[in-house]
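Everything below concerns the one structure shown next.
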Amino acid sequence: MPEPRLRRYLLCPPEHFAVDHGHNPWMRPGDPVDVPRALEQWRALVDAYEAHGHRVDLITAQPGLPDMVFAANSACSHAGAVLGSRFHHEARRPESRQYELWFKAAGFDVLEPQAVCEGEGDLVPMAGPGLLLAGTGFRTAPEAHAEAAAHLGLEPLTLRLVDPRFYHLDTALFALDDANVAYCPEAFDAAGRAELAARFPDAVRATREDALAFGLNSVSDGRHVFIAPQAARLAAELAGRGYVPVPVDLDELHKAGGGIKCCTQEIRG
Ligand code: ARG
């Protein structure tokens, strides 16, 4: 039976959520969003984390930053070290400062990356093998990988994403625990697929349909997997492996190309 570990998560309420640009293929600029519904769905995610014993910290949403709800993109931490962010899209750049201020007030030093780096959107620390899985292709620059890994005390493993629907690593892969992952091979180039197959022989391999249903934009505490209910096939497979799927529906946020993991920054103290 996989063992859970209590986590600390940072989230931002979607108070100013909107789809006002086309930063990824999920977004149709000007698509109306239902903010009260987004808030209700997001609240259910916070409740689910707390019901499983996790600590949730909140950052104040800022007007004019409609994507600030996607907390994962603004930093990446490991063993108390925090790397901030530098966004690819101009419109998202001011988010970095908001999160940097939050981390500083919470007692962390924050290193500002030199190259484009979208935090946990593209970076997945794996404490077990001492690896930093690092995505590139659409957002985070490959030059950011070595800098990020050095700051976090991990070895970088660059993984190239090839499908614009899966523009961030966290739409195509998530950590089940400190040493294993679930991922969709088709989202990666041949070299990335070979690396993942060699390093994670016991990985859960998801289908493109699972990934399109935001099933890989999940958060695992090592046992409970907070997962989109639309990804029913993947949830069933995880259950067969001894994990406990906890369905949380964020379909209002899916309109911006984000799901559970995008809304969740894990703080690894
Ligand atoms: N609209 C946002 C963007 O395109 C969504 C970010 C989703 N976050 C994530 N971790 N994948 O930048």
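All other residues with a Cβ under 12 Å from the Cβ of ALA61 taken together, and with Lys, Arg as +1 and Asp, Glu as -1, what is their net charge?
Details: positive: none; negative: GLU15, ASP67, GLU95.
The answer is -3.
Return the long-range amide H neighbours of LEU159 (sequence gap of 5 or more, or a different chain), with a cut-off of under 5 Å between placed amide H atoms.
Result for LEU159 returns ALA134, GLY135, THR136.
Restricting to the chain, compute how many DSSP beta bridges are antiparallel as a %, nearest 5. Intermediate results must be reported in sequence, preceding the final value.
Working: 16 of 34 bridges.
Approximately 45 percent, going by the DSSP bridge assignments.
Specify whether the C-alpha gyration tensor of the range 167-244 places it in the rounded, prolate or oblate class, a ≥ b ≥ c being the square roots of the eigenvalues: rounded for a/c under 1.5, otherwise prolate if a/b is larger than b/c and oblate if not.
Details: a/c = 1.78, a/b = 1.27, b/c = 1.40.
Cα axes put the range 167-244 in the oblate bin.
Using the alpha-carbon centroid of each, what span in Å lies between the range 13-78 and the range 82-126?
Their Cα centres are 16 Å away from one another.
Neighbour counts of other C-beta atoms within 10 Å: give me ARG93, ARG139 arranged from fewest to most. List each step's numbers first, then the result.
On the way: ARG93 13, ARG139 24.
Least crowded to most crowded, the residues run ARG93, ARG139.
Pull up all non-local amide H partners of TYR9: gap of 5 or more, or a different chain, and H-to-H distance under 5 Å with H placed in the peptide plane.
The answer is ARG55, VAL56, ASP57, ILE267.
HN-Hα J couplings of the range 107-123 from phi, Karplus 6.51/-1.76/1.60, θ = phi - 60°, integer Hz, Gly and Pro as x?
Rounded to whole hertz, the list is x, 9, 7, 10, 8, 7, x, 7, 9, 4, 8, 9, x, 5, x, 10, 10.
If each residue's Cβ is checked for other Cβ atoms within 10 Å, how do MET68, MET27, MET126, MET1 rank with the fewest at the top? If you can, show how the numbers build up before the last one.
Working: MET68 25, MET27 17, MET126 21, MET1 7.
Ranking MET68, MET27, MET126, MET1 by Cβ neighbours within 10 Å, fewest first, gives MET1, MET27, MET126, MET68.
Explain nothing, just the number: relative contact order of the range 8-267, from Cα pairs under 8 Å at least 6 residues apart, as a whole percent. List each step's numbers first, then the result.
On the way: 584 pairs, mean separation 52.7, N = 260.
It rounds to 20 percent for the range 8-267.
In what sequence do ILE267, ILE59 fall when counting other Cβ within 10 Å, fewest first? Before the final figure, lay out the partial values.
Details: ILE267 17, ILE59 22.
Neighbour counts put them in this order, fewest first: ILE267, ILE59.
Once phi is turned into ³J(HN,Hα) by the Karplus curve 6.51 cos²θ - 1.76 cosθ + 1.60 with θ = phi - 60°, what whole-Hz value does each residue of the range 34-39 show in order, with x for glycine and proline?
9, 5, x, 5, 4, 5
State to the nearest 20 debye the size of the charge dipole of the range 8-267 about its Cα centre, where the only charges are +1 on K and R beta carbons and -1 on D and E beta carbons. Numbers along the way, then the final one.
Working: 22 positive and 36 negative charges, 38 e Å.
Charge dipole of the range 8-267: 180 debye, to the nearest 20.
If you add up the charges near CYS12, with Lys and Arg at +1 and Asp and Glu at -1, over every other residue whose beta carbon is less than 12 angstrom from its beta carbon, what do you get? Before the final figure, lay out the partial values.
Values: positive: none; negative: GLU15, ASP57, ASP67, GLU95.
Net charge in that neighbourhood comes out at -4.
Based solely on its DSSP helices, what 222 nm [θ] is calculated for the chain when runs of n ≥ 4 H residues each add -39,500 (n - 2.57) and the sum is averaged over all residues, nearest 500 deg cm²/dmol?
Details: 7 runs with 68 residues, N = 269.
Estimated from H runs of four or more residues: -7500 deg cm²/dmol.
Sort 114-122, 195-203 by packing, meaning the average of other beta carbons within 10 Å per residue, with the highest value first. List each step's numbers first, then the result.
Details: 114-122: 24.4, 195-203: 14.1.
Sorting 114-122, 195-203 by mean packing, highest first, produces 114-122, 195-203.
Around ARG37, what is the net charge, scoring Lys/Arg as +1 and Asp/Glu as -1 over all other residues with Cβ under 10 Å from its Cβ?
On the way: positive: none; negative: ASP34, GLU40, ASP251, GLU252.
The answer is -4.
When only Cα pairs under 8 Å and 6 or more residues apart are kept, what is the percent relative contact order across the range 1-96? Walk me through the intermediate numbers first.
Values: 127 pairs, mean separation 30.7, N = 96.
32 percent.
Among LEU253, LEU132, LEU154, which one shows the highest mean-square fluctuation when the chain is modelled as a Gaussian network with alpha-carbon springs under 10 Å?
Top of the fluctuation ranking is LEU154.
Each value in this text was obtained by applying a stated rule to the coordinates, not by laboratory testing. All of these numbers come straight from a predicted model, not from anything done at the bench. Don't worry about glycine lacking a Cβ; one is built from the backbone with ideal geometry, like all the others, and counts go over all protein chains shown.
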